[in-house]
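I have placed the structure first, in the form of structure tokens, so that the comments after it can refer back to it.
The values are calculated or read from the model by the stated rules, or taken from the named source; none is laboratory data. Predicted model, so just to flag it, every value in this text is computed and none were measured. Glycine also receives a Cβ, built like all others from the backbone with ideal geometry; neighbour counts cover every protein chain displayed.
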Amino acid sequence: MPANRHLTTTVPLVLSFLLIPLTIAMAFLWTGEDADQGLSQKIFYFHVPIALTSYVAFGFGAVCAAMYLWKRTEAWDMRSYVGIHSGTIFGTLVLITGPIWAKASWGVWWNWGDRQLNVFLILFLYYCAYFMLRFSLDDGERRRAASAIFALLGIGLIPMSFLAVRIAQTLIHPTVFTAGGASMPNSFLLTFVVGLAGMLSLMVLLISVELRGKRTAARVLQLQRVQRGEDA
Amino acid sequence: MQPPEITLVECSKRFGDRLALRKATLSIAAGETVVLLGPNGAGKSTLLRLVAGLLRPTAGSARIGDVEAIAAPKAVRAGIAYAGHAPQLYRGLTARENLDLHLRLHTTTADTGALLERVGLGDRADERIDGFSRGMLQRLALARATAHAPVLLLLDEPASGLDADGRALLDDTLRAAIGTRTQVVASHDHELAARLGVREVRLDNGGIA
Amino acid sequence: MIGAALAIARVKLVLEIRRREVIFAMLLFIAATIVIVHFALSGDTGAGNRAAAGMLWAAIVFTAVLGLLRTFAAEHEGGVLDALLLAPIDRAAIWLGTALAQFGFLVVIELVAVPVWWALFFQGDGPSVGTVVLALLLADIGIALVGTLSAALALGARTRDVLLPVLVLPLLIPVILGGVTATYGAFGEDVGGLRPLGFLALYDLVFIALAWGTSEHLLGD
């Protein structure tokens, strides 16, 4: 158990505390200024890794949801919930950093032409609905199964939202702004990768800490039941 | 189809913070009829729903023959009949249409007229059931539950709302199938088991007494 | 499987035809929504084809949600769901039958609403009929599928009526985007040919697959 705990908590704790400040340092001290956007482009090293991390967390939540439907054990339900919870936290950060970038680049807080941002808006509404669904059902098998199925629908919704936004956009916004692209200088790319690793470590940390809290709460509840003589 | 045996092993069901059934262990032989007795909230309905495969046990197992009830395949489900508190009938359909749908879903046929006649609803067959009384619905529910010739019959307080004739019909239905159909009946009627000459099982506060 | 689904769909249609209230409510609602959105856009019929297209699609989605609130209501009232779950049919048939009925309601509503929309906004030179009809049918499949799925998930929730729109609407945003874009195409704008229609078909397939894969877990405990 201790080795496992180090892997899921201590390692990501150390990594995120090293890598995230390192990203800041690299972004401001090492990478050059972007020719078009200047200083405001620096947010790219945070905004995009946060967005990707958010997808990873939603994916983790969906995989655990599928595992729950297969195995039907509470642990998978808890993992799925915690994954989606941290995905939503990162998703909220995307919706905060996105408009900051948009304001600096285009002078408006919200740009309906930014594909990534629009998809996140859809996903944010969707995953908020996940929490509403979960908390309107009584704790039990039914709630866990319904949450798992809804989480799995996200697997369909994410690519469908991307496609839909793209199809609608070719028409509404002929010029599409793409962040980075293939022609990134090496210093940009490396900083981006370090930023991504930092955010992913932070995600693993958040998930494992929340899971540990949930497990402890479940264990306390179970002990209370044993004390009441229910032991089931 | 042969009647199945029913096996509950340390079967528990929890709803939120309430333990509706605690470590119930019970076996019912193939073809046996059992009357479940106990006060309201004792866990009778929960036990029946677990056996029907409508609820998943929180712990332990509930088996029909050698399959878990919750995972019963279609072939096993085809032989189960369960009548609960709700009549399980579409209120906007007639008595006959309800039976027709039921038979259709069980991919079987039967003389719906005769079935309705037997439960005393012959002359109301083509009326919509939203005008039916509690007792009439209970009779129709009984007709529905036995229409597809089940080998496992689970009834939850089937006598509630029935008049004297209806109760006699219920007794006859149960008595006629003793030995050929596994039957579990939750009831408040303390004489039912004696009248049928079958075993009774008492539940209290979620446990088998 | 298909037989059981059709039997369930038939019963649900018969029930609604006998009661009529829901269909009439949906018709009145879609008419009111079109009028309200029209006036909300300051009653400017010159707002153009795009505004008219948006009006139609918004009205259809909101009306569909209104209809969805009644899905499974008949089963819920009489405890019929237990009987359906115990019947020796695939669980997918319950959901498929319900979705088929829902699809039927949507088509009926649109048979009335779309001609009215046409008459109100276009004098003679409307969008290409074939494209609009095809887009509507493809979208109806997706709306019925996803809507029925969400309604099944919300069964047993304390605040079902509030919850259901919250669950369904984000899932339907891609349908709206595809439908509106297809309708622009019907007005002769360049939307990449059949791409919006293809997208709507793809959406239907993706959610059929997801619903199919999870249907054994969808209803019941």
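For the stretch C:137-171, a residue qualifies if it is more than 10 Å from chain A (Cβ to nearest Cβ) and closer than 24 Å to A:Phe162 by Cα, and the qualifying residues are C:Leu137, C:Leu138, C:Ala139, C:Asp140, C:Ile141, C:Ile143, C:Ala144, C:Leu145, C:Gly147, C:Thr148.
In the stretch B:186-205, the residue that is surrounded by the fewest Cβ atoms within 10 Å (Cβ to Cβ) out of those that are in contact (Cβ under 8 Å) with a residue 24 or more places away in the chain and assigned to a helix (DSSP H, G or I) is B:Arg195.
Among the conditions (1) under 26 Å from B:Arg104 (Cα atoms); (2) touching a residue at least 12 places away in the same chain (Cβ under 8 Å), the only one that B:Ala176 does not satisfy is (2).
Checked against the criterion of being modelled with pLDDT of 90 or more, under 30 Å from C:Leu15 (Cβ atoms) and in contact with a Pro (Cβ under 6 Å, 6 or more places away or on another chain), the candidates B:Ala114, B:Ala81, B:Ala125, B:Ala52 yield just one match: B:Ala81. For the stretch B:88-105, check the following and say yes or no: at least one residue is away from every other protein chain (no Cβ under 11 Å), assigned to a loop (DSSP other than H, G, I, E, B) and surrounded by 18 or more Cβ atoms within 10 Å (Cβ to Cβ). No, that holds for no residue. Within the stretch A:86-135, the residues that satisfy the criterion of being over 18 Å from A:Val165 (Cα atoms) and touching a Pro at 6+ places or on another chain (Cβ under 7 Å) are A:Trp109, A:Ala129.
Screening C:His38 against (1) over 18 Å from the mean Cα position of the chain (by Cα); (2) modelled with pLDDT of 85 or more; (3) of a type outside the set (D, E, K, R) leaves a single unmet condition, (2). Among the residues of this structure, A:Arg166 does not count as one that is crowded, with 23+ Cβ neighbours inside 10 Å, more than 7 Å from chain C (Cβ to nearest Cβ) and assigned to a helix (DSSP H, G or I).
Per-residue answers, yes or no, for (1) small (Gly, Ala, Ser); (2) touching a strand residue (DSSP E or B) at 6+ places or on another chain (Cβ under 7 Å); (3) touching a residue at least 24 places away in the same chain (Cβ under 8 Å):
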position: A:Ser105; (1), (2), (3): yes, no, yes
position: A:Phe124; (1), (2), (3): no, no, yes
position: A:Cys128; (1), (2), (3): no, no, yes
position: A:Leu137; (1), (2), (3): no, no, no
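How many residues does the stretch B:150-177 contain that are surrounded by 15 or more Cβ atoms within 10 Å (Cβ to Cβ) and touching a strand residue (DSSP E or B) at 6+ places or on another chain (Cβ under 9 Å)? Total meeting the criteria: 14.
Taken together, the residues in the stretch C:187-221 that are part of a helix (DSSP H, G or I), at the interface with chain A (Cβ under 9 Å from one of its Cβ atoms), of a type in the set (A, V, I, L, M) and surrounded by 17 or more Cβ atoms within 10 Å (Cβ to Cβ) amount to 5. Annotation: of all residues in the stretch A:97-154 being within 9 Å of chain C (Cβ to nearest Cβ) and part of a loop (DSSP other than H, G, I, E, B), the one that is surrounded by the most Cβ atoms within 10 Å (Cβ to Cβ) is A:Leu137. Candidates B:Leu116, B:Leu170, B:Leu162: the one that is part of a loop (DSSP other than H, G, I, E, B), among the aliphatic types (A, V, I, L, M) and farther than 21 Å from C:Leu81 by Cβ is B:Leu162.
For the stretch B:137-155, the count of residues that are in contact with a His (Cβ under 6 Å, 6 or more places away or on another chain), closer than 22 Å to B:Ala30 by Cβ, assigned to a loop (DSSP other than H, G, I, E, B) and in contact (Cβ under 8 Å) with a residue 40 or more places away in the chain is nonzero. Taken over the stretch C:127-154, residues that are outside any helix (DSSP H, G or I) and crowded, with 20+ Cβ neighbours inside 10 Å amount to 1. Against the numbered list (1) more than 8 Å from chain A (Cβ to nearest Cβ); (2) farther than 30 Å from C:Asp82 by Cα, C:Tyr184 comes up short only at (1). You will find that of A:Asp77, A:Asp139, the residue that is within 30 Å of B:Leu54 (Cα to Cα) and in contact with a Phe, Trp or Tyr (Cβ under 8 Å, 6 or more places away or on another chain) is A:Asp77 and no other. Do you know which residues across the stretch B:48-71 are crowded, with 22+ Cβ neighbours inside 10 Å and either assigned to a helix (DSSP H, G or I) or more than 14 Å from chain C (Cβ to nearest Cβ) (or both)? If the condition is that a residue be crowded, with 22+ Cβ neighbours inside 10 Å and either assigned to a helix (DSSP H, G or I) or more than 14 Å from chain C (Cβ to nearest Cβ) (or both), then B:Leu48, B:Arg49, B:Leu50, B:Val51, B:Ala52, B:Ala69 are the ones that fit.
Residue-level analysis places B:Ser45 among those that are surrounded by fewer than 23 Cβ atoms within 10 Å (Cβ to Cβ), more than 10 Å from every other protein chain (Cβ to nearest Cβ), closer than 29 Å to A:Thr73 by Cβ and under 17 Å from the mean Cα position of the chain (by Cα).
Checked against the criteria, B:Thr7 does not count as crowded, with 22+ Cβ neighbours inside 10 Å and of a type in the set (Ser, Thr, Tyr).
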